[in-house]
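Data block below; observations after.
The values are calculated or read from the model by the stated rules, or taken from the named source; none is laboratory data. Predicted model only: the values in this text are computed from it and were never measured. Glycine also receives a Cβ, built like all others from the backbone with ideal geometry; neighbour counts cover every protein chain displayed.
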Amino acid sequence: MRVGIILFFLLFLSVSSAWSQEPKLLKIDKEKAFSRNNQDTLSRSIRESRSRAKKNLEAKIADYKIISITNDTTFVDTTLTIYKDYKYNYLRKDDFGLMPFANLGQTYNQLMYDFHSIDILPSLGAKARHFNYMKIEDIDYYYVPTPLTELMFKTAFEQGQLIDAFFTVNTSEQFNFSIAYKALRSLGKYQHALTSTGNLRFTTNYKTKNDKYNIRAHVVMQDLLNEENGGIIDDEISRFESGEEEFKDRSIFQVNFEDAQNLLDGKRYYLDHNFKIISKKDSIQDVTLKLGNELYYEDKFYRFEQDRQNDFFGEAFQSANIRDNVKLEHFHANAYVNYRDRSLGDFRFKLGHTSLNYGYDKVIVLDSQTIPNRIKGNAISVKGQYQNKIGKLELNGMVSANVSGDFDGNSFFANVAYPINDNNKVSFGIASNSRRPDFNFLLYQSAYENYNWFNEFENIKTRTFSSKLEMKKIANIDLSYNNIDNYTYFQQSIEKATRPLQASQAINYLNVRLSRELRYGNFALDNTIAYQNVIDGEGILNVPQLTTRNTLYYANHFFKKALFLQTGITFKYFTKYNMNAYDPLLAEFYVQNDQEFGGFPMLDFFINAKIRQTRIFLMAEHFNSSFTGYDYYSAPNNPYRDFTVRFGLVWNFFL
């Protein structure tokens, strides 16, 4: 019902905009149209309408602007490339390095890690439920010369679909608003694995005619619900791997439980506005001084529910109606000064205040420990940013710290890039970060006895060195070397209880990624290969040594370039390693060192087409599953997807 209402609303806006801009649909009183007194009015109305229509027809694709939170501006891209195929998924971004679960909208097991973070405050936790949770930096703002609509559709797994509908319009050159809703419902192939998620976004931005005052804001409401079954039971593993015909109906497999679900729900209200005190631009000087204010409030909660106690999680304080609820309220306000000089660069300084309130409604008293119900605190922070281009040299840096309050934390980042020539560019970066672990490592309460703790962990400290070499005629190489102190992780004890731990030893982690597309005529081979090595910390941070994705495809125009077709095969593979296991109560992955998974190929056949502004996608996913062995898993006891055919489209309307 929600999806239908949103789609109807978006289509109504689109049609209304089209109606208002079409000259031949101009509403005129027929009796008055031919009277002498109204001839001039009629002619003027038609001329103005035709003028607006002509102006809209002259709008270029580059005029439809997408503006990020950092003011990086791109434009709407309706082309069809292999990279669009990589992004045509539930997350709507390239998921290389992520291993999806069997049902669409479930979680992802991480094959690679990125420790470059600028966050200096702890977050809620429940990371396995956050892959589709849209953060502030995921929300874009728009400027469009005519109304723009985008509809995205993709089939799911049994009784459901994925839809992402978006509409934006500029009511004037100064004011824009957008509304979007991404919805998913998918039953899944295995018992009790339904997913139902929704991401509602509303954005607006406004500037005065003299461009002195600018404001942008968004409201985001998200609910991510997953039924949980704990994976198939151990006794069913041999049946799954046998590949026998009677077991290819995945609904007959017995799972660990069929009465649990978890939900992540969040609401965020965001506002950023600024006023230009100095704005001078001429052949000698280009200087801007802005004063601004940023505010946001986010209310987020995570809930695990189960009808009856299950030995999968151990003993419980109650035998039925288990309801674990945790909530985080996050309020942040800052004032900033932004000074830009064409020769000196772009400087920004922020002074902010943050209030965090995480916890539960009760205190739990155990035999050996009292578990408090809340962690509350405030932090005063400062942040400085710098960006400049000196000749060909590009400089970018940031430093931030909590200077007062209840949460220690600091972050530093510096990057320098240099284009050697038109085909080659090199960049180097260093970063460090110190912050407290996520709240669910520090405090957790549950009706299950083993899932109650209160810890005083040290700050996680990371130091990262990165470099990137872009060579258009050879390859792009990304290197990241990470040193981590006080790394926190989950691991099961001998009693099969998942517990948070903090590593006493430093971890050193290397990631090297190479990407290159080779072309010959209408054929192309796109390659992405990642090599990883945990030099210190093996058994704590587990990753596959090699991860690869290779796509061989053919692309060409047909029917006098009315149709652009793209078809090929994508090969995905990662080497065997001790893959992390999934805990549905915490919505977290935990380290296990007993079983190795991986080493199985995944082949996808696809046919993609573009007709005008419509991109059509047809994919036969994992078509090799029946003849390369049934040993494919997304996590222990959680098999990967079988062969399935899915299709969908992305359709843009420029009105």
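Tabulated data for the structure shown
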| read-out | value |
| --- | --- |
| Residues (basic (Lys, Arg) and within 28 Å of Ser504 (Cβ to Cβ)) located in segment 445-479 | Lys461, Arg463 |
| Near pairs, Cβ below 8 angstrom, 6+ apart or cross-chain, from segment 493-510 (within 15 Å of Tyr448 (Cβ to Cβ)) to any residue that is among the aromatic types (Phe, Trp, Tyr) and in a strand (DSSP E or B) | Thr498/Phe490; Thr498/Tyr590; Arg499/Trp453; Arg499/Phe490; Pro500/Tyr444; Pro500/Trp453; Pro500/Tyr489; Pro500/Phe490 |
| Of all residues in segment 534-559 being among the hydrophobic types (A, V, I, L, M, F, W, C) and in a strand (DSSP E or B), the one that is farthest from the chain's Cα centre (by Cα) | Phe558 |
| Which numbered condition Arg323 fails, given (1) under 18 Å from Asn450 (Cβ atoms); (2) modelled with pLDDT of 95 or more; (3) touching a helix residue (DSSP H, G or I) at 6+ places or on another chain (Cβ under 8 Å) | (3) |
| Close pairs (6 angstrom Cβ cut-off, 6 or more residues apart or separate chains): more than 15 Å from Phe428 (Cβ to Cβ) and free of Cβ contacts under 8 Å to residues at least 12 places away in the same chain in segment 390-406, surrounded by 12 or more Cβ atoms within 10 Å (Cβ to Cβ) and of a type in the set (Gly, Ala, Ser) anywhere | none |
| Which numbered condition Glu458 misses (of (1) part of a loop (DSSP other than H, G, I, E, B); (2) of a type in the set (D, E, K, R); (3) under 26 Å from Arg340 (Cα atoms)) | (3) |
| Only one of Asp259, Asp272 that is surrounded by fewer than 16 Cβ atoms within 10 Å (Cβ to Cβ), out of contact with any His (no Cβ under 6 Å at 6 or more places or on another chain) and either charged (D, E, K, R) or more than 24 Å from Glu137 (Cα to Cα) (or both) | Asp259 |
| Qualifying residue in segment 110-117 (condition: farther than 28 Å from Ile529 by Cα and assigned to a loop (DSSP other than H, G, I, E, B)) | no |
| Given (1) under 29 Å from Leu366 (Cα atoms); (2) at pLDDT below 95, number of the condition Ile474 does not satisfy | (1) |
| Check on Lys376, farther than 30 Å from Ser427 by Cα, basic (Lys, Arg) and exposed (fewer than 15 other Cβ atoms within 10 Å of the Cβ) | yes |
| Segment 407-453, subset part of a helix (DSSP H, G or I) and of a type outside the set (A, V, I, L, M, F, W, C), residue nearest to Thr354 (Cα to Cα) | Asn440 |
| Scan of segment 476-501 for residues that are touching a strand residue (DSSP E or B) at 6+ places or on another chain (Cβ under 9 Å) and on the phi > 0 side of the Ramachandran plot, ordered by number | Asn486 |
| Asp324 over 30 Å from Asp223 (Cβ atoms) and surrounded by 14 or more Cβ atoms within 10 Å (Cβ to Cβ) | no |
| Tally of residues being under 26 Å from the mean Cα position of the chain (by Cα) and loosely packed, with under 15 Cβ neighbours inside 10 Å across segment 513-533 | 1 |
| Qualifying positions in segment 396-407 - closer than 18 Å to Ser432 by Cβ and over 27 Å from the mean Cα position of the chain (by Cα) | Val403 |
| Qualifying positions in segment 602-641 - within 27 Å of Gln592 (Cβ to Cβ) and surrounded by fewer than 17 Cβ atoms within 10 Å (Cβ to Cβ) | Thr628, Gly629, Asp631 |
| Residue match in segment 368-389 (condition: in a strand (DSSP E or B), in contact with a helix residue (DSSP H, G or I) (Cβ under 7 Å, 6 or more places away or on another chain), under 27 Å from His330 (Cα atoms) and modelled with pLDDT of 95 or more) | yes |
| Within segment 311-344, tally of residues that are in contact (Cβ under 8 Å) with a residue 24 or more places away in the chain, of a type outside the set (Lys, Arg) and not in a loop (DSSP other than H, G, I, E, B) | 18 |
| Residue in segment 428-456 that is surrounded by the fewest Cβ atoms within 10 Å (Cβ to Cβ), counting only those that are of a type outside the set (A, V, I, L, M) and over 29 Å from the mean Cα position of the chain (by Cα) | Glu456 |
| Any hit, segment 425-433, residues being in contact with a Pro (Cβ under 8 Å, 6 or more places away or on another chain), closer than 24 Å to Phe312 by Cα and not acidic (Asp, Glu) | no |
| Residue in segment 279-288 that is surrounded by 18 or more Cβ atoms within 10 Å (Cβ to Cβ) and assigned to a strand (DSSP E or B) present | no |
| Unmet requirement for Ile278, which otherwise passes all of (1) over 24 Å from Lys383 (Cβ atoms); (2) without any contact (Cβ under 8 Å) to a residue 60 or more places away in the chain | (1) |
| Among residues of segment 487-512, those that are in a strand (DSSP E or B) and either more than 26 Å from Leu98 (Cβ to Cβ) or more than 25 Å from the chain's Cα centre (by Cα) (or both), counted | 9 |
| Qualifying positions in segment 582-624 - over 30 Å from Pro437 (Cα atoms) and among the β-branched types (Val, Ile, Thr) | Ile607, Ile611, Thr614, Ile616 |
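Yes or no, residue by residue, for (1) touching a strand residue (DSSP E or B) at 6+ places or on another chain (Cβ under 8 Å); (2) more than 28 Å from Gly521 (Cα to Cα); (3) not hydrophobic (A, V, I, L, M, F, W, C):
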{"residue": "Met579", "(1), (2), (3)": "yes, yes, no"}
{"residue": "Glu621", "(1), (2), (3)": "yes, no, yes"}
{"residue": "Gly629", "(1), (2), (3)": "no, yes, yes"}
{"residue": "Asn637", "(1), (2), (3)": "yes, yes, yes"}
{"residue": "Asp642", "(1), (2), (3)": "no, yes, yes"}
{"residue": "Val645", "(1), (2), (3)": "yes, yes, no"}
{"residue": "Val650", "(1), (2), (3)": "yes, no, no"}
{"residue": "Phe654", "(1), (2), (3)": "yes, yes, no"}
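Matching residues to (1) surrounded by 20 or more Cβ atoms within 10 Å (Cβ to Cβ); (2) over 30 Å from Phe465 (Cα atoms):
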{"residue": "Ile118", "(1), (2)": "no, no"}
{"residue": "Gly125", "(1), (2)": "yes, no"}
{"residue": "Phe131", "(1), (2)": "no, no"}
{"residue": "Tyr141", "(1), (2)": "yes, yes"}
{"residue": "Phe157", "(1), (2)": "yes, yes"}
{"residue": "Ile179", "(1), (2)": "no, yes"}
{"residue": "Thr197", "(1), (2)": "yes, yes"}
{"residue": "Arg201", "(1), (2)": "yes, yes"}
{"residue": "Asp211", "(1), (2)": "no, yes"}
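Quick grid of which residues meet (1) charged (D, E, K, R); (2) touching a Lys or Arg at 6+ places or on another chain (Cβ under 6 Å):
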residue	(1), (2)
Asp85	yes, no
Tyr108	no, no
Ser117	no, no
Leu124	no, yes
Ala128	no, no
Ile139	no, no
Val144	no, no
